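Report on one structure; see the data block that follows.
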Amino acid sequence: MLKKVGVFILLLLSSCSLIKHNGTIPKTEFRAVWIATVVNIDWPQRAGDPWEKQKEEYLDILNFYKALNFNAVVLQIRTAGDAFYKSNLSPWSRFLSGEEGLAPETDQDPLKWMIREAHIRGFEFHAWLNPYRATFNLNTDVLSESHDYFKHPDWMIKYGKKYYYNPGLPEVQKHMVSVIDEVVTQYDIDAIHFDDYFYPYTIKDEIFNDTLSYASYAQTNQSLQDWRRSNIDSLVKQANQVIKEQKPWVQFGISPFGVWKNIATDPKGSDTKAGQTTYEDLFADPLLWMEKRWIDYLVPQIYWSLKLPVASHRILMDWWAENHKNSNLYIGNGAYKVRNNSDQAWNKMKELPKQLQLARKTEAVQGNVFFSARSLMNGNVDVVKYIKNKLYSYPSFTPASPLIINEDQPLPELDFILDKDNYLKFTFKFASKGIIRYATIYNIKNPKKPPLCKPKNIIGQIFMDDNNFFNLGKGLIDQRKKIAITFTDKFRKESEPIVIHLN
């Protein structure tokens with residue numbers, strides 16, 4: 001039967017605006033966690049375990065961070081020339097199935113399932129790829145015959161105890177762009193994510209032998225260092241282009257090493273004494289990527305304590321806040337160091353929470369990402385409790401990219417509400433199909449007093465999954481006289497509220 005309801009729509013311009021405000025809990029804040037799969041750091045706990053067991057472990061991670069009101073997961077789907085999905089370009093990862101090139105024993109598409117389970121719980125899914133690490137060690141016997149090490153040996157450079165793709169080869173760049181294109185095209189992801197591994201970290205007395213490619217492709221009078229940086233710049237630019245061509249709402253984010261340059265080598269650098277820097281050793285220039293508008297967000301890995309003399313978290317956060325532009329800025333936090341590091345500051349219960357508080361007070365910073373997922377799941381209950389109760393007590397929305405401008409969507413029209421035994425079925429008419437990601441339900445008392453859409457008033461968030469309806473359990477709206485419903489599209493833009501009187 002149709003439930004009799006009163007419905008009216010409020011068009012209050014600031015009622016649901018996704019902006020950072022001065023309240024204790026911001027409406028918009030990136031709260032994410034890296035889920036590392038290389039050598040099974042976070043997931044799966046053991047390669048080759050039954051898929052059903054691996055699924056349970058994955059859901060344990062999602063449910064843990066859902067309870068903490070996180071809103072994004074950054075899952076590593078390419079660790080070293082491999083794939084956690086069915087690919088025409090890369091073999092199945094041995095860290096998933098136990099043997100490289102061997103598919104997991106399931107009829108499901110593992111990545112499609114993981115993305116959907118994340119979305120159901122209100123998480124964005126950021127697909128994390130390591131573009132240039134070809135092997136994790138020198139034991140090539142574990143590699144599939146379809147691995148690029150065998151298919152394209154001319155692409156490989158041995159450095160230290162690993163093989164790397166040569167970033168200076170145009171065909172390598174083209175291949176990496178194809179890898180990204182494949183993922184974006186096939187899967188309903190929210191972002192592509194690179195970590196800090198571009199050119200490898202410097203090893204004393206080792207030479208990264210790209211002399212031949214430098215001689216072949218460098219411009220006249222271009223230094224080796226500038227040429228290497230130009231190679232990384234080229235990949236970043238091309239990756240952004242292919243992502244936006246396929247799905248303009250999919251963001252592109254990068255998480256560089258936390259120090260761009262030390263002030264000792266450049267007056268524009270940070271007041272730090274880091275042994276290596278992202279610009280000079282990894283040949284990555286995040287400042288240029290932001291200036292050129294090639295990335296939607298940046299997550300510098302500031303994995304040090306607030307007052308560490310050689311690389312203070314506080315000093316580095318301020319430096320990135322002052323030097324970022326044209327993109328969202330999030331901070332990468334070293335949760336893995338809590339009570340597990342020679343720096344005694346990490347033994348203090350409030351070291352990590354104070355870093356989060358500092359980020360929230362810093363206007364340019366719009367959120368945080370924790371490395372890594374298992375870090376807070378294996379103890380430190382007091383730290384987790386403090387973060388939940390004092391900092392993440394209410395849900396928050398992920399920020400929209402300042403580079404992606406989408407047209408305003410017409411407000412959906414409520415078609416009807418069907419009254420079932422235990423739930424109400426809300427059906428809407430949408431002007432555009434497939435663009436809506438979530439419906440959010442708020443409890444409201446007085447619809448004439450905005451803002452209506454406060455984080456503390458959220459009673460449910462529902463993944464729409466391209467449907468034009470959703471079901472809402474009566475237990476969630478018991479005794480409530482009025483609710484407001486908003487819709488968030490794939491571009492992270494929340495609609496104005498539809499206010500419903502429940503009679």
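Bear in mind these aren't lab numbers, they're just calculated from the coordinates by the rules spelled out. The model shown is predicted, which means the values in this text are computed figures rather than measured ones. Positions of Cβ are generated from backbone atoms using ideal geometry, with glycine treated the same way; all protein chains shown enter the neighbour counts.
What to note about this one:
- Sparsely packed loop sites in the stretch 356-439 (the GluC sites (Glu not before Pro) outside DSSP H, G, I, E and B with at most 16 other Cβ atoms within 10 Å) comprise Glu363, Glu407.
- Charge dipole (debye, nearest 20) of the stretch 203-257; +1 at Cβ of Lys and Arg, -1 at Cβ of Asp and Glu: 260 debye
- Trypsin sites (Lys or Arg not before Pro) lying in DSSP loop within the stretch 354-460, provided at most 11 other Cβ fall within 10 Å: Lys433, Lys445, Lys448
- Given R0 = 51 Å, the distance between the Cβ atoms of Met349 and Glu206 translates into a calculated FRET efficiency of 0.80.
- This ranking places Met349, Met114 by how few other beta-carbon atoms lie within 10 Å of each, fewest first, which gives Met349, Met114.
- Prolate is the label for the stretch 267-364, because a/c, from the alpha-carbon gyration tensor with a ≥ b ≥ c as root eigenvalues, is 1.5 or above and a/b exceeds b/c.
- The sum of -39500 (n - 2.57) across all DSSP H runs of n ≥ 4, divided by the residue count of the chain, sets its helix-only mean residue ellipticity at 222 nm to -7000 deg cm²/dmol.
- Using θ = phi - 60° in the Karplus curve 6.51 cos²θ - 1.76 cosθ + 1.60, the 3J(HN,Hα) couplings for the stretch 282-299 round to 9, 6, 10, 10, x, 4, 5, 4, 5, 4, 7, 6, 8, 10, 8, 8, 10, 10 Hz; x is entered for Gly and Pro.
- Put a plus charge on the Cβ of each Lys and Arg, a minus charge on the Cβ of each Asp and Glu, and nothing anywhere else: the dipole of the stretch 30-391 about its Cα centre is then about 1400 debye.
- When both bridge partners sit in the stretch 30-391, DSSP labels roughly 15% of those beta bridges antiparallel.
- Between the stretch 422-467 and the stretch 217-270, the C-alpha centres lie 39 angstrom from each other.
- √(5λ) per eigenvalue of the Cα gyration tensor, the stretch 25-132, largest first, Å: 24, 15, 12
- Kirkwood Rh, Cα atoms: Rg over Rh of the chain: 0.98
- Dipole of the chain, positive end: most advanced residue of Pro267, Pro104, Leu68 [Cβ charges, Cα centre]: Leu68
- Cleavage-rule hits (trypsin sites (Lys or Arg not before Pro)) in the stretch 241-285: DSSP loop, at most 16 neighbouring Cβ within 10 angstrom: Lys268, Lys273
- Label sites at Thr24 and Lys53, each approximated as a point 7 angstrom past Cα along Cα to Cβ, lie 4.4 nm apart.
- Two-site label geometry, Tyr217 and Asn406: point separation in nm, points 7 Å out along Cα→Cβ: 3.4 nm
- Annotation: extensible slack from Glu245 through Gln225 equals 4.1 nm (criterion: 0.36 nm per residue apart, minus Cα-Cα distance).
- Residues Leu129, Leu352, Leu452, Leu212, ranked from the fewest to the most other C-beta atoms within 10 Å, line up as Leu212, Leu129, Leu452, Leu352.
- Total charge dipole magnitude, the stretch 69-109, about the Cα centre, Cβ charges on Lys, Arg, Asp, Glu only, Debye to nearest 20: 200 debye
- Shape category assigned to the stretch 105-176 from the gyration tensor of Cα positions, a/c cut at 1.5: prolate
- Fewest-first ordering of Arg314, Arg31, Arg94 by other beta carbons within 10 Å of each residue's beta carbon gives Arg314, Arg94, Arg31.
- Mean-position separation - Cα centroids, the stretch 122-174 and the stretch 291-309, in angstrom: 25 Å
- Separation of the stretch 375-396 and the stretch 186-210, taken as the distance between their Cα centroids, equals 31 angstrom.
- Extreme residue, positive dipole direction of the chain, given options Ile331, Gly258, Leu288 (C-beta unit charges): Ile331
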